[in-house]
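Every read-out reported here was derived from the displayed coordinates using simple, explicitly stated rules and does not represent laboratory data. What you are looking at is a predicted structure, and each value in this text was computed from that prediction instead of being measured. Note that we place each Cβ from the backbone using ideal geometry, even for glycine, and neighbour counts take in every protein chain shown.
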Amino acid sequence: MRYILTGVLIQFCLTAFGQLDIKEVEKTVVKINDSLYASKFEVSNSQYISFINALKKANQKEKLEIAQIDTSLWNMKPYAKYYHSHPAYKDYPVVNISYDGAIMFCDYLTNEYNSSPARKYKNVKFRLPTEQEWILAAKGGENSAIYPWQGSDLKDKKGHQMCNFVRPINDSMTIAGTLTDDPDITAPVKSYSPNKFGLYNMSGNVAEMIAEKSLVKGGSWFDESEFMTIISKQEYDGNAKRTVGFRYFLDIIEK
């Protein structure tokens, strides 16, 4: 088993009182169209655990029960023990959380943003995207795109993998991006190359929840190449899984 670290840390700063640094939140999103923005990254362990800590501080036991991370879903003890708690994994995508937990995170982020005097926009809503919005973001402005990157290959010209998915048994390629070795599971949220909108890991790494509760998009580290295409989708029951995470989208309701 290999533990993969990266020198790139995604900042999602908190004050001493547990409030989000709104300016840092704004830096995580990029424009898709005039009113819609999307997070550059899948939601990380550090981001989600900050939300969990806020629920604990507010003593919101019922919400905490829904939002909890089910570490038991890792079938390897080191990951069950360390993936959601060790600093080495702070910038890895959160998994093992439910659809309802992801919705609650988006609602929490919305409330924190709209109540901050430091915010850029008067009124916004963070949420999961619809399938069509997710596809629009993944294509990066390229209507004919098969993958979030240019072309129809899963490798670049140097033979590097373009995203994190199940590799053939005899495939010993290294990863394009910030990593130096093949991951056994997920990779940090800022890995590989972003698409033309600046979005990372729209294919592979973790399958991403969308507004339609029954589906996930993009495929995961545990899926084969057929699920890496933008049009692919997988059925999802809304429960916590070690292959499923999410990214937030942002509506600008009032500037």
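Among Lys217/Lys241; Lys23/Lys122; Lys90/Lys196, which pairs are too far apart, with a Cα-Cα distance over 21 Å?
Details: Lys217/Lys241 14 Å; Lys23/Lys122 14 Å; Lys90/Lys196 26 Å.
Over 21 Å Cα-Cα: Lys90/Lys196.
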* Only one of the values [x] 123; [y] 158; [z] 134 was calculated from this structure for volume of the Cα convex hull per residue in Å³; name its label. => [x]
* What nm distance separates the two modelled labels at Glu226 and Asn123, each placed 7 Å from Cα along Cα→Cβ? -> 4.6
* Structure fact -> Cβ-Cβ cut-off under 13 Å around Arg247, Lys and Arg +1, Asp and Glu -1: the net charge is +1
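In the range 92-147, which trypsin sites (Lys or Arg not before Pro) fall in coil by DSSP and have 14 or fewer other Cβ atoms within 10 Å? Display every interim value, and only then the final one.
Working: sites: Arg119, Lys120, Lys122, Lys125, Arg127, Lys139; in loops: Arg119, Lys120, Lys122.
Here the trypsin sites (Lys or Arg not before Pro) that fit, given the DSSP loop and packing criteria, are Lys120, Lys122.
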* Asked: Packing-wise, with mean Cβ within 10 Å as the measure, how do 79-90, 186-197, 97-108 rank, highest first?
  -> 186-197, 97-108, 79-90
* Which residue fluctuates the most in the chain, going by a Gaussian network model with Cα springs under 10 Å, if the choices are Ala211, Ala38, Ala240? -> Ala211
* To do: Just subtract the alpha-carbon distance of Asn239 and Gln68 from 0.36 nm times their residue separation and send over the number in nm, one decimal.
  => 60.4 nm
* Using the Karplus equation 6.51 cos²θ - 1.76 cosθ + 1.60 (θ = phi - 60°), what ³J(HN,Hα) coupling, rounded to whole Hz, does each residue of the range 82-98 give in order, writing x for Gly and Pro? -> 10, 4, 9, 9, 7, x, 4, 10, 4, 9, 8, x, 5, 9, 6, 10, 7
* Search the structure for amide H atoms under 5 Å from the amide H of Asn123, placed 1.01 Å from N in the peptide plane, and list their residues when 5 or more places away or on another chain. => Ile253, Glu254
* Asked: From the backbone phi of the range 215-225, what are the Karplus-calculated ³J(HN,Hα) couplings (6.51 cos²θ - 1.76 cosθ + 1.60, θ = phi - 60°) in whole Hz, Gly and Pro given as x?
  -> 10, 10, 10, x, x, 10, 4, 9, 9, 7, 4
* Asked: Placing +1 at every Lys and Arg Cβ and -1 at every Asp and Glu Cβ, with all other atoms neutral, what dipole size does the chain have around its Cα centre, in debye to the nearest 20?
  -> 700
